[in-house]
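First the structure, in the form of structure tokens, and then the observations on it.
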Amino acid sequence: MVERLKDWVRPYIPVDEWMTVFAFEFVFAVLFLLVIFFISRYREKRFWARVEAREEALAPIGMSTCKTVPATAQAGLVYASIVVGQGHYRRFVAGFIKLVGGELKAYADLNERARREAVNRMKEEAKILGATKIVNVRFTTSSLMSLNNKGGRHATEITASGTAVISE
């Protein structure tokens, strides 16, 4: 039975070369995953460096969840939305973590990334209006592109909104 299966699966490779071919394919798959890992880490570090630089530049614009605007100030609505997708490699690793339990840092990082980017975009919009602070800040989030409702989300959307206050 095993010999028939071997002949059916790989008729072009002699049986004595099977282990060599399997080892080569395994090493190739591992190297491919490592290359993807290092590329994604490099891109992630570049992204966080850009986010931190933008946050530092936009630090003078304060944010608050209080709902009142000073009577002597002008106000305007500002909002920002971002959809961030999860990479296949991180989803692959998160799948293993789900089997044994624990925090899914890949998804936590995804939400943190989207929230910080939405805040930066909202502050940039407030800066264009000449605002010095944003009040009544609210966040909404939604999960997009799930796989057959099995909880395998590919992307998340976060929307940040608030009232830009232009002090006089």
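The values are calculated or read from the model by the stated rules, or taken from the named source; none is laboratory data. Not measured: the values here are computed from a predicted model. Cβ coordinates were reconstructed from backbone atoms using ideal geometry, including for glycine residues, and neighbour counts include every protein chain displayed.
Looking at the range 18-137, what helices (runs of 4 or more DSSP H) fall wholly within it and have at least 2 residues that are more than 24 Å from the chain's Cα centre (by Cα)?
Values: elements: 18-57, 88-100, 105-129.
Fully inside the range 18-137 and qualifying: 18-57, 105-129.
Checking the condition hydrophobic (A, V, I, L, M, F, W, C), touching a residue at least 60 places away in the same chain (Cβ under 8 Å) and either surrounded by 15 or more Cβ atoms within 10 Å (Cβ to Cβ) or within 18 Å of E157 (Cα to Cα) (or both), which residue from A118, A106, A126 passes? Full working, then the answer.
Working: A118 fails: touching a residue at least 60 places away in the same chain (Cβ under 8 Å); A106 fails: touching a residue at least 60 places away in the same chain (Cβ under 8 Å).
So the residue among A118, A106, A126 that is hydrophobic (A, V, I, L, M, F, W, C), touching a residue at least 60 places away in the same chain (Cβ under 8 Å) and either surrounded by 15 or more Cβ atoms within 10 Å (Cβ to Cβ) or within 18 Å of E157 (Cα to Cα) (or both) is A126.
Take K67 and tell me if it is under 19 Å from V137 (Cα atoms) and at pLDDT 85 or above.
Numbers: under 19 Å from V137 (Cα atoms): yes; at pLDDT 85 or above: no.
In short, no.
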